[in-house]
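Everything on this sheet refers to the single structure shown next.
The values are calculated or read from the model by the stated rules, or taken from the named source; none is laboratory data. Not measured: the values here are computed from a predicted model. All Cβ positions, glycine included, derive from the backbone under ideal geometry; neighbour counts span all protein chains shown. The area values use the complete protein model at the heavy-atom level, side chains included, leaving out ligands, DNA and RNA. Shrake-Rupley method; radii C 1.70, N 1.55, O 1.52, S 1.80 Å.
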Amino acid sequence: MTEPDPIDLDTWPRRGHFEHYLHAVPCSYSITVEIDVTEFAAAVRSAGRRTYISQIWALASVVDRRPEFRLTVDESGTPAVWPVVHPSFTVFNPELETFMSLWVPFEPDYASFHEAASRTIAAHSGSAELFPQGPPPPNTFDVSSLPWTSFTGFNLNIADAWRHLAPIFTLGRYVERDGRTFLPLAVQIHHAAADGFHTARLVDDLRALVSDPSWITPEDARL
């Protein structure tokens with residue numbers, strides 16, 4: 001695993017914001033939005049790909065574009081940026097009515113990531129453990145899915161987690177309206193890592209990515 005790159009505090013424009021929201025007023029916030037995924041959903045069906053894995057790749061792709069969503073702190077509390085972060089995601093076990101948390105290294109190539117994630121899910125599909133692969137590496141961010149229901153608001157209440165700077169994403173059930181398909185998406189952000197501007201830009205990056213899903217390549221056989 002590569003090490004994070006320390007931030008030069010003398011030239012970092014957000015130094016004051018970071019220190020304020022990490023130490024003086026520890027603060028996280030959440031926002032729930034609808035993402036128009038009409039073209040994305042059609043492309044996934046046409047290509048024979050898996051929806052959840054494709055959603056995870058899209059989130060990882062936009063997260064890895066922006067340093068504020070790869071932020072961490074070292075043991076001394078100095079902020080640093082991971083060169084790459086990987087998605088850690090929940091997978092439901094319907095027989096046990098519980099879930100496991102898996103992770104897969106991010107691959108910029110969608111097809112390679114889809115294959116790796118499909119193998120990982122298949123390998124652990126019957127597990128009753130929360131972390132069947134062992135503890136995830138520190139350079140991960142979390143994705144979970146609630147495909148049983150849509151929602152217009154969602155937030156996590158995390159006690160004593162003021163150094164958890166990675167974003168947390170929750171996906172809901174698709175909503176069909178006026179001939180379009182929408183995805184409820186909740187984003188939980190530590191204010192020390194990113195402001196509303198940065199989170200809005202992340203959402204816009206995701207909207208642009210799924211509106212032109214030419215990156216969703218077909219596979220020869222459905223996994």
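Residue 97 meets the conditions (1) in contact with a strand residue (DSSP E or B) (Cβ under 9 Å, 6 or more places away or on another chain); (2) surrounded by fewer than 16 Cβ atoms within 10 Å (Cβ to Cβ) in every case but one. The failed one is (1). Just so you know, in region 33-81 the residues that are charged (D, E, K, R) and in a strand (DSSP E or B) include one that is most open to solvent (accessible area, probe 1.4 Å), and it is 34. Checked against (1) touching a helix residue (DSSP H, G or I) at 6+ places or on another chain (Cβ under 6 Å); (2) open to solvent by 30 Å² or more (accessible area, probe 1.4 Å), residue 176 meets all criteria but (1).
Checking 182, 197 one by one, the residue that is open to solvent by 10 Å² or more (accessible area, probe 1.4 Å), part of a helix (DSSP H, G or I) and either over 13 Å from residue 62 (Cβ atoms) or acidic (Asp, Glu) (or both) is 197 and no other. Evaluation of residue 186 against the conditions (1) more than 15 Å from the chain's Cα centre (by Cα); (2) at pLDDT 95 or above shows that the sole unmet condition is (1). Counting just the residues of region 82-95 that are part of a loop (DSSP other than H, G, I, E, B) and touching a helix residue (DSSP H, G or I) at 6+ places or on another chain (Cβ under 6 Å), which one comes out farthest from residue 105 (Cα to Cα)? Across region 82-95, the extreme among qualifying residues is 82.
Within region 180-207, no residue that is in contact (Cβ under 8 Å) with a residue 24 or more places away in the chain sits with its Cβ atom under 6 Å from a residue that is of a type in the set (Lys, Arg) and open to solvent by 10 Å² or more (accessible area, probe 1.4 Å) at 6+ positions apart or across chains.
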